[in-house]
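What follows is a single structure, written as structure tokens, with notes after it.
The values are calculated or read from the model by the stated rules, or taken from the named source; none is laboratory data. Since this is a predicted model, take the numbers as computed values, not measurements. Don't worry about glycine lacking a Cβ; one is built from the backbone with ideal geometry, like all the others, and counts go over all protein chains shown. Just so you know, the surface numbers come from the protein's heavy atoms only, side chains and all, with ligands and any DNA or RNA stripped out. Shrake-Rupley method; radii C 1.70, N 1.55, O 1.52, S 1.80 Å.
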Amino acid sequence: MGKEIRINEGVICDIRNIVEQGRQQAYASINASMIITYWNVGRRIVEEEQQGEARAEYGKQLLKYIANELKDYGDNYSERNLRHYRQFYQYFSDLQIWYSRVPNLSWTHFRHLLRVDDEKARLWYMREAATQLWSTRELERNINTQYYHRLLSNQADKTAEVVDANAAVRPEDQKLEFIKSPMVTEFLGLKPTRDLSERDLEDAIIRHVEKFLMEMGKGYALVDRQKHIPTEKNDYYIDLVFYNYILRCFVLVDLKIDKITFEDVGQMSMYRKLFDQKYRPEGHNPTFGIILCADTDEDIARYSELSESDHLFQSKYMLYMPTKEELRLEIEREKELFRLQHEEVKKLPSTDKGQGDR
């Protein structure tokens with residue numbers, strides 16, 4: 001009998017990694033070639049349309065003709081897809097620049113981006129999808145729930161212009177890009193009934209924490225639930241504690257199944273001060289407090305402690321997927337509340353602004 005050969009198991013592991021890397025590189029290469037091909041097809045169609053006298057009618061006939069001539073290449077070059085390629089070129093006419101700065105995007109990503117009419121929003125979604133490695137499903141949901149327009153400040157308008165994924169953006173300049181209202185939480189599977197409790201809401205968030213973190217935004221990690229903060233006279237419990245590694249600060253979330261009250265704001269303000277005194281590490285930024293409630297309030301935005309600190313926020317959650325119009329109206333309402341709150345903050349002398357943040 002021949003001598004038994006002992007093979008190092010690490011060899012198989014290494015070979016598997018080599019094969020996987022090769023497959024990924026091949027896929028990336030194919031994907032890049034496909035995107036460039038579609039872009040060039042769209043460019044050529046636009047160039048030809050510009051030669052026609054009656055552009056609309058000529059373009060319609062041109063797409064039909066090209067689709068018929070390319071039918072041997074399959075459905076990728078149907079009249080409908082040719083229309084997408086034309087739009088792709090029109091929306092991203094400098095593809096060499098855009099594509100070199102936003103890797104990790106497939107043609108399906110770009111297909112979803114073509115649905116976004118607002119150019120600033122489209123570029124913002126493109127940058128975030130590339131840098132945050134959103135799957136096509138995540139990108140689709142974020143577009144459908146108008147993620148960009150739910151951000152509570154105009155910071156999104158500014159950062160949308162910075163498409164370079166490697167561009168340095170200071171966290172303090174974009175901190176309000178991490179707070180949005182309303183939060184669309186249909187994935188929790190809860191119904192807004194009388195029997196719903198704050199514990200039910202908390203348990204559902206923990207069960208679906210990955211989706212909830214995605215809904216909150218980038219850079220969040222769950223730290224604790226029912227965080228116990230003892231004092232000499234009382235014991236306090238914070239529903240959820242997160243940390244945002246980009247902002248380098250903790251984020252406290254207090255869950256309310258009803259409309260926000262002045263008492264809720266006072267309670268969260270106290271939680272923030274207690275947490276910062278007891279648990280905030282030296283060198284880390286002041287803690288944020290978010291009251292996640294069934295409904296927000298204009299008076300509270302203007303006349304509560306919300307109007308005295310830029311680290312306290314009220315945010316509404318929606319347990320169902322709203323229609324496009326419902327969501328638009330809700331976004332406008334929440335942005336108006338946010339504007340009212342921060343108008344009051346701006347009126348404060350700089351020495352008084354955010355008194356609890358020191």
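Checking the condition open to solvent by 30 Å² or more (accessible area, probe 1.4 Å) and either closer than 23 Å to residue 44 by Cα or under 12 Å from the mean Cα position of the chain (by Cα) (or both), which residue from 108, 145 passes? Walk me through how you get there before you give the answer.
On the way: 145 fails: open to solvent by 30 Å² or more (accessible area, probe 1.4 Å).
One residue alone meets the criteria, 108.
Open to solvent by less than 70 Å² (accessible area, probe 1.4 Å), touching an Asp or Glu at 6+ places or on another chain (Cβ under 9 Å), part of a helix (DSSP H, G or I) and modelled with pLDDT under 80: is that true of residue 10 in this structure?
On the way: open to solvent by less than 70 Å² (accessible area, probe 1.4 Å): yes; touching an Asp or Glu at 6+ places or on another chain (Cβ under 9 Å): no; part of a helix (DSSP H, G or I): yes; modelled with pLDDT under 80: yes.
The answer is no for residue 10.
Scan segment 45-71 residue by residue and report those that are acidic (Asp, Glu) and either at pLDDT below 70 or under 17 Å from residue 89 (Cβ atoms) (or both).
47, 48, 49, 53, 57, listed by residue number.
Does any residue in segment 189-202 that is within 19 Å of residue 253 (Cβ to Cβ) come within less than 6 Å, Cβ to Cβ, of a residue that is among the small types (Gly, Ala, Ser) six or more places away or on a different chain, and which pairs are these?
Partner pairs satisfying both residue conditions: 190/204.
Just for segment 316-345: of the residues that are in a helix (DSSP H, G or I) and in contact with a Leu (Cβ under 6 Å, 6 or more places away or on another chain), which one is surrounded by the fewest Cβ atoms within 10 Å (Cβ to Cβ)?
Filtering segment 316-345 for residues that are in a helix (DSSP H, G or I) and in contact with a Leu (Cβ under 6 Å, 6 or more places away or on another chain), the one surrounded by the fewest Cβ atoms within 10 Å (Cβ to Cβ) comes out as 338.
Examine segment 89-102 for a residue that is buried (at least 18 other Cβ atoms within 10 Å of the Cβ), assigned to a helix (DSSP H, G or I) and modelled with pLDDT of 90 or more, and state whether such a residue exists.
Yes: one or more hits.
State all residues of segment 57-88 that are part of a helix (DSSP H, G or I), of a type in the set (Ser, Thr, Tyr) and either over 30 Å from the mean Cα position of the chain (by Cα) or more than 10 Å from residue 42 (Cβ to Cβ) (or both); if no residue qualifies, say none.
Of the residues in segment 57-88, the ones part of a helix (DSSP H, G or I) are 57-69, 71-73, 75-77, 79-88.
Then keep just the ones that are of a type in the set (Ser, Thr, Tyr); that gives 58, 65, 73, 77, 85.
Those that are part of a helix (DSSP H, G or I), of a type in the set (Ser, Thr, Tyr) and either over 30 Å from the mean Cα position of the chain (by Cα) or more than 10 Å from residue 42 (Cβ to Cβ) (or both): 58, 65, 73, 77.
Quick one: in segment 116-142, of everything that is touching a helix residue (DSSP H, G or I) at 6+ places or on another chain (Cβ under 6 Å) and of a type in the set (Lys, Arg), which residue is most open to solvent (accessible area, probe 1.4 Å)?
120
Could you list, in sequence order, all residues of segment 228-248 that are among the β-branched types (Val, Ile, Thr) and within 30 Å of the chain's Cα centre (by Cα)?
Start the filter on segment 228-248 by keeping residues that are among the β-branched types (Val, Ile, Thr), which leaves 229, 231, 238, 241, 246.
Once the filter is applied, which keeps residues that are among the β-branched types (Val, Ile, Thr) and within 30 Å of the chain's Cα centre (by Cα), segment 228-248 yields 238, 241, 246.
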